[in-house]
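In what follows, a structure is listed as structure tokens, so that the remarks can point back to it.
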């Protein structure tokens, strides 16, 4: 185990990350979420299988493989098969309005770039966002800042950002799209003409709702609090944390100190758009619809 850890440190020194220089994506925050999840789920370590976590050298290799991958041109019979741990979504391209975005997405998908990444940003009533390779490095802090190592220029159109639309995420620079994409779970017309639409859901739209209704880490942690410490409970077993200017009380788990649990609460409360259970993109592939078998 010690040798393994040392090896990881050496690789990280040889392949330093430049994530801090990358801009955050220009999308919105969320408020209310609906679906209830059992509290036990929250105390499990962030549920990404260890075999899915990558070191920087592996991420660099995936980027290089995707860059060198030769992809067939997009045609009208291409279908996007987006397989998640919560269901499969099928989409079609809009190659006539965003040819470069369609080709770029097909290249990334069929080269395996998106495999085992996460929908790291979920905002009910708005959109679900994924496509960041850094969701596989085991560090939540940089999720939403990753790219494939290149960018593509904007291809804005008159297509409305209605429910089911597939569009590209970007920073404040219109020409900064790379790999991250979002799917609208509701009409978002305020994005029209400012983000590059390049596809649309054609089957299993209900999977969008399953994903969008997962409570955020912030809401799930908040649901574990009490308005007051129960009678006959030892006050030393509880900590106080202010949420929306109101004092809330959390019972400290047996395996944590007050200090460690407080840091845990703070971190989770900040994650207002991160799903409380991981939504994994198992894989995305673009195939000819004639090859699909029922």
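The values are calculated or read from the model by the stated rules, or taken from the named source; none is laboratory data. Here the structure is a predicted model, which is why all the values come from computation and not from measurement. Here the Cβ is made from the backbone with ideal geometry for all residues, glycine too, and neighbour counts use every protein chain on show.
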Looking at 223, 216, 171, can you tell me which residue is surrounded by fewer than 20 Cβ atoms within 10 Å (Cβ to Cβ), farther than 20 Å from residue 106 by Cβ and under 16 Å from the mean Cα position of the chain (by Cα)? 171
Looking only at region 147-157, decide whether some residue is without any contact (Cβ under 8 Å) to a residue 24 or more places away in the chain and either within 21 Å of the chain's Cα centre (by Cα) or not in a strand (DSSP E or B) (or both). no
Candidate set from region 182-198 (those that are in contact with a helix residue (DSSP H, G or I) (Cβ under 7 Å, 6 or more places away or on another chain) and under 22 Å from residue 85 (Cα atoms)); member that is surrounded by the most Cβ atoms within 10 Å (Cβ to Cβ): 183
Would a scan of region 147-159 turn up a residue that is surrounded by 24 or more Cβ atoms within 10 Å (Cβ to Cβ), assigned by TED's automatic domain parsing to the domain that holds residue 186 and within 25 Å of residue 68 (Cβ to Cβ)? no
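I need the full set of residues from region 61-103 which are under 26 Å from residue 141 (Cα atoms) and part of a helix (DSSP H, G or I), in order please. Before the answer, list the steps.
Residues of region 61-103 under 26 Å from residue 141 (Cα atoms): 61-67, 82-86.
If the condition is that a residue be under 26 Å from residue 141 (Cα atoms) and part of a helix (DSSP H, G or I), then 61, 62, 63, 64, 65, 66, 67 are the ones that fit.
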Checked pairs for region 74-92, first on the phi > 0 side of the Ramachandran plot, second modelled with pLDDT under 95 and outside any loop (DSSP other than H, G, I, E, B), C-beta under 8 Å and 6 or more apart or across chains, list as none
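Among 85, 100, which is the only one that is surrounded by fewer than 24 Cβ atoms within 10 Å (Cβ to Cβ) and more than 20 Å from residue 197 (Cβ to Cβ)? Before you say what the answer is, go through the steps one by one.
Numbers: 100 fails: more than 20 Å from residue 197 (Cβ to Cβ).
One residue alone meets the criteria, 85.
Scan region 247-285 residue by residue and report those that are within 15 Å of residue 88 (Cβ to Cβ) and either assigned by TED's automatic domain parsing to the domain that holds residue 233 or in a loop (DSSP other than H, G, I, E, B) (or both). First the steps, then the outcome.
Filtering region 247-285 for residues within 15 Å of residue 88 (Cβ to Cβ) gives 279-285.
If the condition is that a residue be within 15 Å of residue 88 (Cβ to Cβ) and either assigned by TED's automatic domain parsing to the domain that holds residue 233 or in a loop (DSSP other than H, G, I, E, B) (or both), then 279 is the only one that fits.
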